[in-house]
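Below is one structure, written out as structure tokens; comments come after it.
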Amino acid sequence: MNNSHNQRSFFFNVDWVTVFLYLLLCTIGWFNIHAAVFDEKHSSLIDASTNYGKQFIYINVSIVVAIVILLLESRFLTALAPAFYGITVLLLILVLVVGRNVGGNQAWINMGGGFRLQPSEFAKFSTCLLLARYLSSVNIKVTELKSFLIAAAIIGFPMLLIMLQPDTGSTLVFCSLIFVLYREGLSPYFLVISGLLIVLFVVSLLYNPLYVILVLVVLTALIIFLFKRQRKLIFTVLVGLAISVAFIFSVKFIYSHVLKPHQTERINILLGITTDLKGKGYNVNQSKIAIGSGKLWGKGYLHGTQTKYAFVPEQSTDFIFCTVGEEWGFAGSVVVIGLYLFLILRVIYLAERQRSPFSRIYGYGVASVLFFHVVINIGMTIGVVPVIGIPLPFISYGGSSLLSFTILLFILVKLDSNRMGIV
């Protein structure tokens, strides 16, 4: 009788709204992958020799993993957070030694049978788990320098290993976890400063750095004149000016020695510094044509010409959204974006209703990672952010991607289902 009661309680406690959104997005992804790489000789959606057939397998495996996570004890996830983090770090080191190079990135471990493992995808949920474990510990305050530095190290260590592959896109995803630190008390000035540095980086590329510095000096002089009695403010402004000038001079170094040539070319194309519609700008240009050609209602399932004739490279992975835009039009695109918005807001809602600090912090980690992936991936396909090669959650083709996002999301669903029992 008691066992029956526990099963009913488990059933009602699971957030089925989130589960439904997950299944819906996976299904949308499966059908769009079918459209993106459709082969008339292998038209079946479950033909294992095709990408859409493999995606069907990945979806089923991911659902099984999701069920296993829901059946686990919640405290097991908390206790083993360091172990999960350690395993993914070891895999990230291993991939640098024995990894397979795909598209210029040594990011894959060959598992045999045509399947490959991408450790950087799994590092996302393990980092969120350990970050939540640390920040929820007693007497840990992110406003204190020591606590902030340790939290930054938890985020930064896998970033460093992934950058060595080198995979800039996956590395940048971890930057989204600054929103977790902000939710836990980090000063909003960090977000403001980060935003200003991005603006300064772009401005320094568009205009002569000396002119930019001159404008900053003039603004600083004006602030000093207007607030000459406020010494603390003047000191802060002067320090800000010094940092800004140093950053402006470092932009050229970053551009020349840190970023890869293809990355700088993509940024140049995005900012309009150069035009290369047949080279580095080809993908984005074809993607924009595909999305634009869909108009309001789209061309219909399997009727997208840009999609059908493979004008857009990587269309089943990084550029899957242009298939949505071409075949389902503006209306279909709005529906997909709306589903993502609903899911992210739902995740934040789940995070905020947790009694456990660990669950709340982890929830914000999930929301941050999903938000970054959705905004950047869709932004790439419409040409408003540089192409950095990250998948669209639950929709892009790929086993590692789908499985890692499933684990990321369903750990939160599990924590939420047991929220009344964990403090």
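Bear in mind these aren't lab numbers, they're just calculated from the coordinates by the rules spelled out. All figures in this text were calculated on a predicted structure; none of them were measured in a lab. Don't worry about glycine lacking a Cβ; one is built from the backbone with ideal geometry, like all the others, and counts go over all protein chains shown.
Annotation: amide H-H contacts under 5 Å for R116 (H modelled 1.01 Å from N, sequence separation of 5 or more, or interchain): M111.
I need the shape label for region 155-202. Rule: rounded when a/c is under 1.5, else prolate if a/b > b/c, else oblate, with a, b, c from the alpha carbon gyration tensor. Let's see the in-between values first.
Working: a/c = 3.25, a/b = 1.40, b/c = 2.32.
Oblate, since a/c reaches 1.5 and b/c is not below a/b.
Ellipticity at 222 nm from helices only: DSSP H runs of n ≥ 4 in the chain, each -39500 (n - 2.57), divided by the residue count, give -22500 deg cm²/dmol.
Put the Cα centre of region 385-402 next to the Cα centre of region 138-182 and the gap is 21 Å.
In terms of packing, defined here as the mean over residues of other Cβ atoms within 10 angstrom, the peptides 224-230, 297-303, 249-255 line up highest first as 297-303, 249-255, 224-230. If only the Cβ of Lys and Arg carry +1 and only the Cβ of Asp and Glu carry -1, the dipole of region 23-119 around its Cα centre is close to 220 debye. Here is the size of the chain from its Cα atoms: Rg then Dmax, 23.3, 79 Å.
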